[in-house]
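To keep things clear, I will list the structure first and then write my remarks on it.
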Amino acid sequence: MTQIYKVVFESFDERTHSMEFDGDIIITDPCYILNRDNEGDWDRSHYGSNMESLGINHYMTRDTLYGDWGCTTFNLDTKEEIGRFCADTGLVSVFLLDEVLKYNPSFDYYTTRPWTTTLIKDFKGVVEFIVRNIQGEYTETTEYHQKGDRFEDQDVQVIGKGINKATGEVFRFVGKQTGF
């Protein structure tokens, strides 16, 4: 895919959400982990923002800024793709997989629907939601803008810094929007 803009300025919002995790983690929309046998859990969890009501206590959730989106998770050091995740409710969450499975033993999207859920095994470290502020300039003319027109935008990234507990090696990742 040809990029039709260049980034002129980029900064990161200082107001981030961060949390320490120790274990297998998943990145996904909170609606995907719901136990479909428990009608009303989406309402009870206050639409993904109060997962404690479902017995999930170690998690973080925020809005995507874009609504529904598709994201790819990359190893920050090797640039290799680790996985994908998406949102159907305009939310993104990071969970400890064991807490999700305790609440919903049939949850298996990380294997049966891998485009919805990134699984990162053996992670110990900090995960943050960061808002990236972008100022750019279009490099081509389209029906929507002229070459040289400037724009401002924001996106949310999921950034993890820690170690792989199985290998002891430093492990850093970023999940960022790559589609809608």
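Observations on the structure shown:
- Which labelled figure in (1) 14.6, 41; (2) 17.5, 53; (3) 16.5, 53 is Rg and Dmax of the Cα atoms in Å, once derived from the coordinates: (2)
- Partner lysines whose Cα lies under 22 Å from the Cα of K161, excluding those fewer than 8 positions away in the same chain, are identified as K79, K121, K124, K176.
- In Hz, Karplus ³J(HN,Hα) per residue of the range 29-35 (6.51, -1.76, 1.60; θ = phi - 60°; x = Gly, Pro): 6, x, 5, 6, 8, 4, 7
- Peptide packing for 31-43, 122-134 was compared via the average number of neighbouring C-beta atoms within 10 Å per residue; ordered from the highest value, the list is 122-134, 31-43.
- Helix-derived mean residue ellipticity, 222 nm - over the chain, DSSP H n ≥ 4, -39500 (n - 2.57), to 500: -1500 deg cm²/dmol
- Centre-to-centre separation between the Cα atoms of the range 104-180 and those of the range 36-52: 25 Å.
- Calculated from backbone phi, Karplus (6.51, -1.76, 1.60) coupling profile of the range 40-45 in Hz, x at Gly/Pro: x, 5, 5, 5, 4, 7
- Under the simplified labelling scheme, the S49-E128 pair shows an inter-label distance of 2.4 nm, with each label point 7 Å from Cα along Cα→Cβ.
Values in this text are rule-based calculations from the coordinates and carry no lab data. Since the model is a prediction, treat every value here as computed from it, not as a measurement. FYI the Cβ positions are ideal-geometry reconstructions off the backbone, even for glycines, and counts take in every protein chain you see.
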